């Protein structure tokens, strides 16, 4: 069973699938506590706490702001930086990766916690369906029952939910970029557009584009996730 759940190339969150298969186990209980705590944390508070614990003395494991170390590398995006990147690619990538750790952790903690609960709930509902019980009664291997029958049908609401999360990801990125002083949408949204609105975030075309992307992302991937019943 463990090998079956660990090889989940199509799953949104393998932890949620494993928690559904191992319902009420120690792993399921621990993941539930983590998801509830992680999903309830505000993005700005989590970013500040990560800076407090990991970016200031005594630990100072990761930098607190910016995209690169201004004392050792030129400003990011300039011609001097790309020249430095060409001569020291490994150091530049390592420096950029260190600056990515805390912002990425701030962004993904809340979204992963919510997605894990959603995947677990959808997988539990799929495992209790009659076609799964019929497949098991016919002697279908448990690996195929989970991956081919239960998981593929459980992904349909998950894919829709992922499409609906896109606008919230942009809004969370703006807050995270502001906290960690990353140049990006936060800097663009602070500027004034020709229409007198705050940057791209307030532009009508931007709102329409985000809405179109959200609807398309939640609609078209469903075609590839539909599972068809086959009679052998």
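The values are calculated or read from the model by the stated rules, or taken from the named source; none is laboratory data. Because the structure is predicted, anything quoted here is derived from the model rather than measured. All Cβ positions, glycine included, derive from the backbone under ideal geometry; neighbour counts span all protein chains shown.
Taking the range 73-83 as the search range and keeping residues that are in a loop (DSSP other than H, G, I, E, B) and without any contact (Cβ under 8 Å) to a residue 24 or more places away in the chain, which one is surrounded by the most Cβ atoms within 10 Å (Cβ to Cβ)?
Checking each candidate, the answer is 73.
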In a loop (DSSP other than H, G, I, E, B), surrounded by 15 or more Cβ atoms within 10 Å (Cβ to Cβ) and modelled with pLDDT of 90 or more, is that true of residue 62?
yes
Qualifying residues in the range 123-142 (those that are crowded, with 18+ Cβ neighbours inside 10 Å and in contact (Cβ under 8 Å) with a residue 60 or more places away in the chain) - the one farthest from residue 162 (Cα to Cα)
127
Could you list, ordered by first residue, the pairs with Cβ atoms under 7 Å in which the first is in the range 38-67 and under 21 Å from residue 112 (Cβ atoms) and the second is loosely packed, with under 13 Cβ neighbours inside 10 Å and at pLDDT 90 or above, at least 6 apart or interchain?
54/61
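If a residue has to be assigned to a loop (DSSP other than H, G, I, E, B) and more than 28 Å from residue 132 (Cβ to Cβ) to count, how many in the range 15-59 make the cut?
Step one: filter the range 15-59 for residues assigned to a loop (DSSP other than H, G, I, E, B), giving 22-25, 41-42, 55-59.
Filter once more, keeping what is more than 28 Å from residue 132 (Cβ to Cβ): 41-42, 55-59.
Looking only at that region, the number is 7.
Taking the residues in the range 143-157 that are in contact with a helix residue (DSSP H, G or I) (Cβ under 6 Å, 6 or more places away or on another chain) and farther than 11 Å from residue 127 by Cβ as candidates, determine which candidate is surrounded by the most Cβ atoms within 10 Å (Cβ to Cβ).
To start, the set of residues in the range 143-157 that are in contact with a helix residue (DSSP H, G or I) (Cβ under 6 Å, 6 or more places away or on another chain) comprises 143, 145-146, 149-150, 153-157.
Subset that is farther than 11 Å from residue 127 by Cβ: 143, 155-157.
Values: 143: 13, 155: 25, 156: 16, 157: 18.
Applying the filter and picking the extreme gives 155.
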Look through 97, 86, 114 and report the one residue that is out of contact with any strand residue (DSSP E or B) (no Cβ under 7 Å at 6 or more places or on another chain), at pLDDT below 90 and assigned to a helix (DSSP H, G or I).
114
